């Protein structure tokens, strides 16, 4: 059975046990009952207060709070409350009827990112997760709604500076003449920096049968920015022809 929407991406390299605890803590309903601790030579555990800022992590500039001691304890129920992501998940549940697998996937992504943020607090550096996404499904199945909620979620967890979503289509990226595509694509990207660039019907960018089409130039620029500036921009796309 094909799902109306598929959320693709977000791969975070984590230890299996830590991820399991994070998901359990994320679904505990806000109670500070599920904890994960970095092991140390001593058995002393110390519960720490939540982070003061939702953007306390700072992958891009390297400036962040001092790492926690190895015997510290992080409570993921408290971490979730600090990030205020329950409001986003509640809004997603209200906006979309059904689509339980999609809502579950968004919860799992949030849980993994909470783990990644906790690892940062312990000084465990890792490459920034690849957060670019693709949404597939027929028109009217909530692709844009999910993209909006994901932008807000990533902002509250500190992965985006602003969290705005810029909606773009082929005409916003591809020019009609030589030399028009690159400036047009870069202007759209600049508007989206700090948030999410949502490319609606992204498959229209490429028209292989037309030798005079400049869609490939826009694609090349997007791919370069998605890799080199992934800490400043998340690119998501929709494809109503699949799913």
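Relative intensity of region 160-243 on a log10 scale, I(q)/I(0) at q = 0.13, 0.26 Å⁻¹, equals -0.39, -1.32, per a Debye sum over C-alpha point scatterers of equal strength in the absence of solvent. The slack in the chain from residue 87 to residue 71, taken as 0.36 nm per residue of separation less the alpha-carbon distance, amounts to 2.6 nm.
Would you mind calculating the gained length between residue 190 and residue 209 on full extension (0.36 nm times residue separation, minus the Cα-Cα distance), in nm to one decimal? Here the segment from residue 190 to residue 209 would lengthen by 3.9 nm. Restricting the calculation to Cα atoms, every distinct pair contributes to the Kirkwood radius of region 64-191, found to be 17.1 Å. Extending 7 Å from Cα along the Cβ direction at residue 124 and again at residue 97 yields two label points whose distance is 4.3 nm.
Distance between the pseudo-spin-label points of residue 177 and residue 228 (7 Å out from Cα toward the beta carbon): 2.7 nm.
Coordinate-derived values only; no laboratory data. Note that the structure is a prediction, hence the values are computed from the model and not measured. Cβ atoms come from the backbone with ideal geometry, glycine included; neighbour counts cover every protein chain shown.
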